[in-house]
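The values are calculated or read from the model by the stated rules, or taken from the named source; none is laboratory data. If you're wondering where the values come from, they're calculated on a predicted model, not measured in any experiment. All Cβ positions, even for glycine, are placed from backbone atoms using ideal geometry, and neighbour counts span all protein chains on display. All accessible areas refer to the heavy atoms of the entire protein, side chains included, with ligands and DNA or RNA removed. Shrake-Rupley method; radii C 1.70, N 1.55, O 1.52, S 1.80 Å.
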Amino acid sequence: MTGGEDRGRDLGALTEEQAGRMFAEMNEVIRAGEEARRLRAEMITVLAGLGWTQDRIAGLTGMSQPAVSKQVTKGRGVEEAAPPMPLSLDQYDAPWLEGRLWGLAEDISERCREDARCARHVDALARGRKRFTPPRVDELRRLVEEDLRLHRDALPDSHRTAYDAISRGLDVPTKTAAAPESASVRRALAHRIQRDRLRGGA
């Protein structure tokens, strides 16, 4: 019997489609874990480049100081070759704008809870089950736009202002020099800074 003939058959009370979905979900979790570890390693390098001490980084990450030192040494070539990363919210490369959009959507999701159209998308991004592909970014933009329209009385004007700036940037790509940091690092930082800005933080 071929694999094609097995597809959809009941193989011990579990179909091939069911098993395929199970493994696909497991692979997504594994991939998310690997990506999270890689992102943490890159963030350690960025923070060291900004002048943070290894002890301070270790305390924040829950890692040992020797482990942080090893990571800083591993990333030192990149760190020394590039100037400290700017943390201004007004940057216009695609990963930075995507991170801002993610932070905005997450804040809308928390304020509007189950009524937010973007809530499921935000949850999938947070769990690593969705990636920042152009179609998914477009989908998130559409959902955020819809939430801003449906919940305009519940959301501060700062949300519409942020969305308008993000949307303009994504519609008209800016030609900028390639950043030394990875797209994941830039998204994560922009996400955090955008969220803090919307909540009145630094």
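Overview of results
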| read-out | value |
| --- | --- |
| For segment 40-56, 3J(HN,Hα) per residue [Karplus equation, 6.51 cos²θ - 1.76 cosθ + 1.60, θ = phi - 60°, Hz, x = Gly/Pro] | 4, 4, 5, 5, 4, 4, 4, 5, 5, x, 7, x, 6, 6, 5, 5, 5 |
| Modelled FRET efficiency - R0 45 Å, residue 24 with residue 88, Cβ distances, 0.05 increments | 0.70 |
| Whole-percent carbon and sulfur share, accessible surface of segment 90-202, 1.4 Å | 48 percent |
| Solvent-accessible area per residue for segment 28-136 (1.4 angstrom probe, square angstrom) | 58 Å² |
| Distance between modelled label sites at residue 171 and residue 150, nm, 7 Å Cα→Cβ extension | 2.3 nm |
| Computed lengthening from residue 73 to residue 164, 0.36 nm per intervening residue step minus Cα-Cα distance | 28.7 nm |
| Volume in Å³ per residue [convex hull over Cα atoms, computed for segment 17-57] | 47 Å³ |
